[in-house]
Amino acid sequence: MTIQRITIIGTGLIGASAGLALRAAQFPGEIVGWDRHPEQAQLALERGAVDTIAGDAITTAVTSDLVLLSGPVFAIQDWLEKLAPQLKPHQLVTDVGSVKVAVTERAQPLFGGPGQAGFLPGHPMAGKEVSGATHADAQLFAHAVWLFTEFAGHPLAPEWRSWVERFGCRTMEIQAARHDEICAWVSHLPQFLSTALSAMLEDRFGDAPDLRAIGGRALREMTRLGASPYSMWRDIAHANEAAIAEALMAMEQQLAHTRENLKTPELRDEFERANRFRANPPVDKSFT
């Protein structure tokens, strides 16, 4: 049993990049794409991320060995419900969702049991602050970690993992709850901090030219994630609300502590702890 035909449902940035990465890794089979926005599927086709565009996602998925679900968390959950009754045990579904508890809980009764297709929950810690197939990149996943969450085993799962490793990724197993906890701190919190800072600066300064001139690199780096699309982060905020709220509350308390100690030696201690953390940076060199 091998993967000879892949359907990518959701040919935006991540889905189209996965298609390009497969081609760069010399995947010999057929890649079919579908997107609820036809122009994104067309862009993916023109860029060589997919070979053909599916007229109907479910009909195409039924004839594929592997289905890759790429999109917002709620869309992934909906596709799991739609696909489960149509697929056979020899087929494998995987995803790239940024939240794993909500996805695996939805998938648990639908996949991996007798007579059911397989499911392999995944999440590449890579991306950009811009969306869409026009920004897709075959090297997007290079040097990144692609996380996989425990689920019932499937014969095609090792092969898909091997393709991911050919993208230049490190693969890592992680429990769903642990995934959501860590991502709330290292991925979701930075996004919402950047969004809040960017929104605050917009309210206070608007397009003031002196702010843009003075801000320089610090402003660009701290607000880069503020350009991320709400359509993706809305689902993450809903699906991982408790963990994100905890991280934001801790950040609020830390900022209050910093504010209260602007003129005390404790400020130096905070800089020292920050420097210790940065002395051992994350292994992942990609955007998360």
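Each Lys or Arg adds one and each Asp or Glu takes one away; over the other residues whose Cβ falls under 14 Å from the Cβ of LEU69, this sums to -1.
Rounded to the nearest 20 debye, the dipole magnitude of the chain is 560 debye, with +1 charges on Lys and Arg beta carbons, -1 on Asp and Glu beta carbons, and the Cα centre as origin. Coupling constants for the range 82-88 follow from the phi torsions by the Karplus curve (6.51 cos²θ - 1.76 cosθ + 1.60, θ = phi - 60°), and in residue order they are 6, 7, 3, x, 9, 8, 10 Hz; glycine and proline get x.
Using a 1.4 Å probe on the protein heavy atoms, what percent of the accessible area of the chain belongs to carbon and sulfur? Each step should come with its number before you reach the end.
Working: 8310 of 14810 Å².
Looking at the chain in its full context, I get 56 percent from C and S.
A simple spin-label model places pseudo-atoms 7 Å from Cα toward Cβ; at THR2 and LEU255 they are separated by 5.4 nm. The length gained on full extension between ILE214 and HIS90, counted as 0.36 nm times the residue separation minus their Cα-Cα distance, comes to 38.8 nm.
Placing +1 on the Cβ of every Lys and Arg and -1 on the Cβ of every Asp and Glu, with no other charges, gives the range 173-288 a dipole of roughly 480 debye about its Cα centre.
What separates the Cα centres of the range 90-133 and the range 179-213 is a distance of 28 Å.
Provide the FRET efficiency to the nearest 0.05 for the ARG234-ASP269 pair, computing r from the beta carbons and using R0 = 22 Å.
Working: r = 37 Å, r/R0 = 1.70.
It comes out at approximately 0.05.
Label point 7 Å out from LYS82 along Cα-to-Cβ: which residues of the range 1-28 have amide N under 16 Å? Under cut-off, by backbone N: 7-12. Here the dipole of the range 1-119 is about 200 debye; that uses its Cα centre as origin and unit charges on the Cβ of Lys and Arg (positive) and Asp and Glu (negative). Lys-Lys pairs in the chain that are eight or more residues apart or on separate chains and whose Cα atoms lie under 27 Å of each other come to 5.
GNM remark for the chain: springs join alpha carbons under 10 Å apart, and the peak mean-square fluctuation among GLN40, GLN253, GLN108 falls on GLN253.
Each label was represented as a point 7 Å from its Cα along the Cα-to-Cβ direction; for ASP56 and ALA142 these points are 4.1 nm apart. Between the residues MET232, TRP34, CYS169, the greatest Cα displacement towards the positive end of the dipole of the chain, with unit charges on the Cβ of Lys, Arg, Asp and Glu, is found for CYS169.
Across the options GLN139, LEU120, PRO158, the greatest Cα extent toward the positive end of the charge dipole of the range 113-188 (unit charges at beta carbon of Lys, Arg, Asp, Glu) belongs to GLN139. The residues of the chain present an accessible area of 51 Å² per residue when probed at 1.4 Å with all protein chains retained.
The values are calculated or read from the model by the stated rules, or taken from the named source; none is laboratory data. As the structure is a prediction and not an experimental result, all values here were calculated from the model. Ideal geometry is used to build each Cβ from the backbone, glycine not excepted, and the neighbour counts take in all protein chains shown. Ligands, DNA and RNA are stripped out before the accessible areas are found, and what is left, the full protein with its side chains, is counted by its heavy atoms. Shrake-Rupley method; radii C 1.70, N 1.55, O 1.52, S 1.80 Å.
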